[in-house]
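The values are calculated or read from the model by the stated rules, or taken from the named source; none is laboratory data. Just so it is clear, the model here is predicted, and its values are computed rather than measured. Virtual Cβ from ideal backbone geometry, glycine too; neighbours counted across all protein chains shown.
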Amino acid sequence: MNATALTATKAWSRLELLAQTIGAQHIRDLFNVDAHRPAAFTCEAVGIRLDLSRQRITSTVVEALYDLANERGLAEARDAMFAGEHINNTENRAVLHAALRLPRHATLEVDGHDVVPDIHEVLDRMAELVTSVRSGAWTGATGAPIRTIVNIGIGGSDLGPVMAYEALRHYATHDLNFHFVSNVDGTDIAEVLKAIDPLETLFIVASKTFSTQETMMNAQSARDALLASLPSPDAGAVAKHFVAVSTNAQRVSDFGIDTNNMFGFWDWVGGRYSMDSAIGLSTMFAIGSDAFRMLLDGFHAMDEHFKSAPLAENLPVLMGLVGLWNRSLLGIETVAVLPYDQYLKRFPAYLQQLIMESNGKSVTKDGQSVGVHTGAVYWGEPGTNGQHSFYQLLHQGTSTIAADVLVVAQSHNKLGAHHDVLVSNALGQANVLAFGRSVEQLVAHNVPAELVAHKTMPGNRPTTVIAVKTVDPFTLGALVALYEHMVFVQGVIWGINPFDQWGVELGKEMATSIAPFLTSDDELDGFDTATQESIRWYRKNR
Ligand code: G6Q
């Protein structure tokens with residue numbers, strides 16, 4: 001990484017000037033000057049069409065962003081990641097989620113050891129388990145076949161599995177039911193336990209560390225429910241109804257899970273980058289091992305694209321740089337993720353963690369202040385539902401919110417005109433977000449004078465349209481990898497470490513220190529007065 005402060009680079013000064021000129025122009029005017037923007041700012045690779053024409057950019061801006069990428073050593077940093085260097089400096093770890101999707105014949109040495117055979121050994125064992133359960137060969141403690149899969153995990157051990165299950169439901173077997181439990185709120189597991197028969201259920205305890213409070217409490221409650229439902233005591237029941245995805249064999253075995261049914265991954269896979277590791281076991285149960293391989297192939301194809309495509313055609317680079325332009329130079333704080341595909345309904349939630357836990361940092365890798373705004377707030381809801389909810393603020397609120405509009409050409413559910421109407425909504429919204437409606441246009445349409453101000457749409461909301469042919473395993477893999485590498489690009493330019501998450505630790509420590517005081521009468525002197533009062537209120541009302 002180039003050690004020069006970001007703001008001291010030549011490209012940065014140039015971009016600051018461009019932000020005041022081009023960045024201040026209306027997208028409408030940019031199109032008036034150049035109607036061929038869609039051709040100039042649309043790129044297609046790995047089945048994904050990325051249209052950046054409705055962004056406040058020109059080729060001059062993009063050139064300056066490439067210069068910035070070069071000055072910040074983007075290509076070198078990317079190569080260092082793929083080579084397994086310990087780029088996660090605060091945890092002294094390699095960052096190799098891309099290794100998880102390497103084909104069987106590839107080789108990749110990490111700290112002197114080829115990891116590809118290890119990765120495929122786990123994938124093969126996962127596939128064997130899936131076949132055994134789906135075929136009915138694996139039975140529960142009473143000999144009943146498994147009809148339900150419950151994934152118990154949180155954060156990176158939950159959001160990817162949930163998102164992928166929803167996204168690929170069209171490809172999922174109907175012979176199994178799926179549930180996902182994450183919250184330490186007992187309601188989460190309780191409602192699932194009401195809906196299932198533990199004797200026909202396989203619980204996947206997905207926890208890299210096998211020590212996460214939420215996951216372990218939920219796993220224990222699930223184990224209690226299983227034991228309570230047994231017709232007679234059975235010391236081997238837990239092993240027949242629980243498997244683990246973890247790196248911690250001792251804890252897995254202490255829980256009662258047969259370590260032959262433990263599926264491992266490695267410290268170079270971060271939680272939020274792990275949906276394509278063994279953490280994806282529930283996904284494999286749903287779609288089968290062949291389709292899971294297609295998912296991995298989609299990830300891998302995007303990895304290869306990111307590694308080899310020139311800057312001007314490189315989707316993650318373009319998306320990363322334009323996102324950084326919006327955030328750090330135009331001051332746009334948030335991005336709404338708007339998938340116009342019901343199967344992608346959990347994609348915004350997935351991206352929230354991927355992007356915000358990765359780039360929600362304010363110091364560089366060497367502990368200096370970044371000096372500019374970093375990680376944008378990502379949030380969203382599926383297309384038309386959002387239109388009847390928060391789009392009002394997107395269109396006429398006082399904040400400028402950027403948007404990623406996801407459009408799919410072919411629906412898996414061809415039902416009359418539904419899909420054409422859905423797509424017309426996506427394109428209509430992208431149009432209004434970018435171009436708005438001016439006073440002149442309204443007057444020309446004879447809008448009553450007293451309503452003109454109310455109906456004026458400022459537009460000029462930077463909007464990216466990401467289009468794919470259909471949501472299949474390969475495309476989903478490519479789409480997730482696109483965002484993963486976008487995050488990386490931005491992290492490199494900002495000079496931060498996207499692969500640690502120290503910000504979440506202190507809250508966990510505080511919760512642990514508060515817990516014993518909620519159920520005792522101990523003095524609260526060690527806490528601030530606000531926490532003291534809250535604890536007193538809880539003691540009285542619990
Ligand atoms: C993700 C984070 C975090 C993690 C969860 C679950 O990048 O590290 O969300 O995935 O805290 O951790 P375990 O898998 O260890 O239970």
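Worth a mention:
- Of all residue pairs spaced 6 or more apart or on separate chains, those with beta-carbon atoms under 8 Å, a first member in the range 366-379 that is among the small types (Gly, Ala, Ser) and a second member that is modelled with pLDDT under 95 are GLY371/ALA5.
- Matching residues, the range 186-204, being among the aliphatic types (A, V, I, L, M) and within 16 Å of the ligand (Cβ to nearest atom): ILE189, ILE204
- Exclusive hit being within 16 Å of the ligand (Cβ to nearest atom), modelled with pLDDT of 95 or more and either of a type in the set (Val, Ile, Thr) or surrounded by 15 or more Cβ atoms within 10 Å (Cβ to Cβ) (or both), set LEU129, LEU102, LEU123, LEU159: LEU159
- Residues located in the range 152-190, provided they are in a loop (DSSP other than H, G, I, E, B), within 27 Å of THR139 (Cβ to Cβ), among the small types (Gly, Ala, Ser) and out of contact with any Pro (no Cβ under 9 Å at 6 or more places or on another chain): ALA172
- Residue under evaluation GLU333, criteria (1) within 29 Å of HIS170 (Cβ to Cβ); (2) more than 16 Å from the ligand (Cβ to nearest atom), criterion not met: (1)
- Those residues of the range 300-329 which are among the aliphatic types (A, V, I, L, M) and in a helix (DSSP H, G or I), in sequence order: ALA301, MET302, LEU311, ALA312, LEU315, VAL317, LEU318, MET319, LEU321, VAL322, LEU324, LEU329
- Lone qualifier among VAL487, VAL471, VAL465, VAL492 - being outside any strand (DSSP E or B) and more than 20 Å from ALA99 (Cα to Cα): VAL471
- Among residues of the range 419-457, those that are touching a helix residue (DSSP H, G or I) at 6+ places or on another chain (Cβ under 8 Å), of a type outside the set (A, V, I, L, M) and closer than 23 Å to VAL471 by Cβ, counted: 2
- Conditions (1) more than 16 Å from the ligand (Cβ to nearest atom); (2) crowded, with 23+ Cβ neighbours inside 10 Å; (3) hydroxyl-bearing (Ser, Thr, Tyr); number of the one not met by SER207: (1)
- In summary, GLY298 fulfils each of the numbered conditions (1) modelled with pLDDT of 95 or more; (2) within 24 Å of ALA144 (Cβ to Cβ) with the single exception of condition (2).
- The range 227-246, subset of a type outside the set (Gly, Ala, Ser) and surrounded by fewer than 18 Cβ atoms within 10 Å (Cβ to Cβ), residue nearest to the ligand (Cβ to nearest atom): LEU227
To keep it simple, each residue is scored yes or no on (1) at positive phi; (2) surrounded by fewer than 18 Cβ atoms within 10 Å (Cβ to Cβ); (3) more than 16 Å from the ligand (Cβ to nearest atom); (4) in a loop (DSSP other than H, G, I, E, B).
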site	(1), (2), (3), (4)
GLU357	no, no, no, no
GLY367	yes, yes, yes, yes
HIS373	no, yes, yes, yes
TYR378	no, no, no, no
THR384	no, yes, yes, no
SER389	no, yes, yes, yes
LEU394	no, no, yes, no
SER399	no, yes, yes, yes
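- Restricting PHE285, PHE265, PHE299 to residues that are farther than 30 Å from GLN392 by Cβ, more than 16 Å from the ligand (Cβ to nearest atom) and out of contact with any Asp or Glu (no Cβ under 8 Å at 6 or more places or on another chain) narrows the list to PHE285.
- The range 206-227 residues that are at positive phi, paired with ones that are among the charged types (D, E, K, R) and within 14 Å of the ligand (Cβ to nearest atom) (beta carbon under 7 Å, 6 or more apart): PHE210/ARG251
- In the set MET81, MET126, only one residue is within 30 Å of PRO233 (Cα to Cα), among the aliphatic types (A, V, I, L, M) and in contact (Cβ under 8 Å) with a residue 40 or more places away in the chain; that residue is MET126.
- Residue within the range 330-348 that is β-branched (Val, Ile, Thr), outside any helix (DSSP H, G or I) and either within 14 Å of the chain's Cα centre (by Cα) or surrounded by 24 or more Cβ atoms within 10 Å (Cβ to Cβ) (or both) present: yes
- Residue in the range 501-517 that is touching a helix residue (DSSP H, G or I) at 6+ places or on another chain (Cβ under 8 Å), crowded, with 24+ Cβ neighbours inside 10 Å and either in contact (Cβ under 8 Å) with a residue 40 or more places away in the chain or not in a helix (DSSP H, G or I) (or both) present: no
- For GLU313: the one exception among (1) away from the ligand (no atom under 16 Å from the Cβ); (2) crowded, with 24+ Cβ neighbours inside 10 Å; (3) over 29 Å from HIS174 (Cβ atoms): (2)
- Within the range 193-207, the set of residues being more than 27 Å from the chain's Cα centre (by Cα) and assigned to a loop (DSSP other than H, G, I, E, B) comprises ILE196, ASP197.
- When ASN183, ASN177 are checked against the criterion of being modelled with pLDDT of 95 or more and within 15 Å of the ligand (Cβ to nearest atom), a single residue qualifies: ASN183.
- Cβ-Cβ distances below 9 Å connect the following pairs, each with a first residue in the range 96-119 that is hydroxyl-bearing (Ser, Thr, Tyr), a second residue that is modelled with pLDDT of 95 or more and surrounded by 15 or more Cβ atoms within 10 Å (Cβ to Cβ), and a separation of six or more residues or different chains: THR107/VAL115; THR107/VAL116.
- Residues being over 25 Å from LEU176 (Cα atoms) and at pLDDT 95 or above are entirely absent from the range 215-231.
- Some residue of the range 410-420 being modelled with pLDDT of 95 or more and surrounded by 21 or more Cβ atoms within 10 Å (Cβ to Cβ): no
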